[in-house]
Amino acid sequence: MSTNKCSLSVVIITNDNAQQLEENLPSYLQQEYEPGYEVIVVDECSTDSTEDVLKLLKNDYPHLYTTFLPRPDRKATRRRMAYTIGAKAAKNDWIVLADIYHKPLTKDWLQTLSDFTDSTTELVLGYVGKKSIKYKQYDSYEEVSKVLRKAERKKAEGHKGQHLRTLRGKYDFIAVRRDLVHETLRYFDERITSGELLRLRLAVINQNLWQRGRTTKVTLEETTTE
């Protein structure tokens, strides 16, 4: 685990998620992380009260920054574009691609995450449970390409279901080195055939079975390695 704490930028994209922002964004903004961090919210042309919610929160949290995704062509890869805009606005060494539907369990979430951002790690996947978080480190983003392609594919159904989530690669957030974030985002919104998807699912399960020892479970009381 890393002893030198890195700087972190949390990027969240939103599209008509005013309720989720109001309920969950404060948990991202109230993290106790000594090196400091920023939260960047990219609005995908929301038509609800998202803008008003963000304005109110910015008054209380100076480390909250907002930007927006211009209305793109219908054929454009919106999620990839939105995260790319957020990543370009980020100032810190590591970028966390987070989901507004999954709020941090505790105020020391970033503190525990930073323990896994050492000099040999390029990407970390986080699996959030009811009372713990499982972290899986990768020395190369290419090593995790199959997991990313399956999870972030075009028209994916999202990260539903709790059974064997780690084995299936159903992660909740990604932390990646800033200089590799664009390489990571190229796996987002790919169109994958049903046959290729089946091969990816089998490959991800097989890979995660062999790499079980590289998953670390962090609870509020202690840290254990599986």
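The values are calculated or read from the model by the stated rules, or taken from the named source; none is laboratory data. Please read all numbers here as calculations on a predicted model, not as lab measurements. In this analysis, Cβ positions are derived from the backbone assuming ideal geometry, glycine residues included, and neighbour counts consider all displayed protein chains. When the accessible area is computed, the model is the full protein with side chains, heavy atoms only, and any ligands, DNA or RNA have been set aside. Shrake-Rupley method; radii C 1.70, N 1.55, O 1.52, S 1.80 Å.
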Exercise for the section: Give the residues of the stretch 118-131 that are open to solvent by 10 Å² or more (accessible area, probe 1.4 Å) and either under 16 Å from the mean Cα position of the chain (by Cα) or of a type in the set (V, I, T) (or both), sorted by residue number. Expected result: T120, E122, V128, G129
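Here is a yes/no grid of residues against (1) touching a Phe, Trp or Tyr at 6+ places or on another chain (Cβ under 7 Å); (2) assigned to a strand (DSSP E or B); (3) among the small types (G, A, S):
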position	(1), (2), (3)
T66	no, yes, no
R79	yes, no, no
T84	no, no, no
Y101	no, no, no
P104	yes, no, no
T120	no, no, no
Y127	yes, yes, no
Problem - Condition broken by S9, with the remaining ones in (1) of a type in the set (G, A, S); (2) within 29 Å of Y138 (Cβ to Cβ); (3) open to solvent by 50 Å² or more (accessible area, probe 1.4 Å) satisfied - result: (3)
Handout entry: The listed residue being hydroxyl-bearing (S, T, Y) and open to solvent by 60 Å² or more (accessible area, probe 1.4 Å), out of T47, T84, T67
Key = T47
Completion exercise
Taking the stretch 132-144 and keeping only residues that are open to solvent by 10 Å² or more (accessible area, probe 1.4 Å), within 15 Å of the chain's Cα centre (by Cα) and of a type outside the set (A, V, I, L, M, F, W, C), one is left with K134, Q137, Y141
Completion exercise
Among residues of the stretch 92-114 being acidic (D, E) and out of contact with any Ser or Thr (no Cβ under 6 Å at 6 or more places or on another chain), the residue least open to solvent (accessible area, probe 1.4 Å) is D99
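Return the residues of the stretch 187-210 that are in a helix (DSSP H, G or I) and β-branched (V, I, T); say none if nothing qualifies.
V204, I205, listed by residue number.
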